[in-house]
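**Student:** Okay, handing you the structure first.
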Amino acid sequence: MAFDNITNYFEKLVFDSLQKLIADGQLENDEDFLGDIACVALNQLPSRYVRHNVDMVFYMTLEEREQNQVIVDDAVITAIDYVQKHRHSERPETINQ
């Protein structure tokens, strides 16, 4: 389909950040847990839909790319804390409460 290659630019950055934490032994490799963290992190970030990540990266300065990584890493850490805190709750409060 014509829309198969449309993605949120931040998805790969979040997934890569989580993979790094797993590889470093700082995060357990639990599919449900990681999925929840990814969703919470992505919901904190702006939507930047692109057909190819290289399209966006090409027009960004190194400083902008580095700043995006900082924003993503912060969102992932916040998401990990949130999901760990509410992991066994029936109905957790939202992250903004």
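Derivation of every value follows stated rules applied to the coordinates shown; laboratory data play no part. If you're wondering where the values come from, they're calculated on a predicted model, not measured in any experiment. When we count neighbours, we look across all protein chains shown, and the Cβ atoms used for this are built from the backbone with ideal geometry, even at glycine.
**Student:** With unit charges on the beta carbon (Lys/Arg positive, Asp/Glu negative), name the residue among ILE77, PHE10, PHE58 whose Cα is farthest towards the positive pole of the charge dipole of the stretch 7-86.
**Tutor:** Going by the charge dipole, the pick is PHE58.
**Student:** Can you list the trypsin sites (Lys or Arg not before Pro) in the stretch 1-58 that are in a DSSP coil and have 15 or fewer other beta carbons within 10 angstrom?
**Tutor:** Those that pass, being in a loop and sparsely packed, are ARG48, ARG51.
**Student:** Relative to the longest principal Cα axis of the chain, at what angle does helix 31-44 sit, 0 to 90 degrees, rounded to 10?
**Tutor:** For helix 31-44, the angle is close to 60 degrees.
**Student:** Scale the Cα Rg of the chain by the rule-of-thumb value 2.2 N^0.38 Å and send over the ratio, two decimals.
**Tutor:** Cα-based Rg divided by the globular estimate yields 1.17.
**Student:** Using the Cα centre of the chain as the reference point, and only Cβ charges (+1 on K/R, -1 on D/E), how large is the resulting charge dipole? Debye, rounded to the nearest 20.
**Tutor:** Approximately 220 debye in magnitude.
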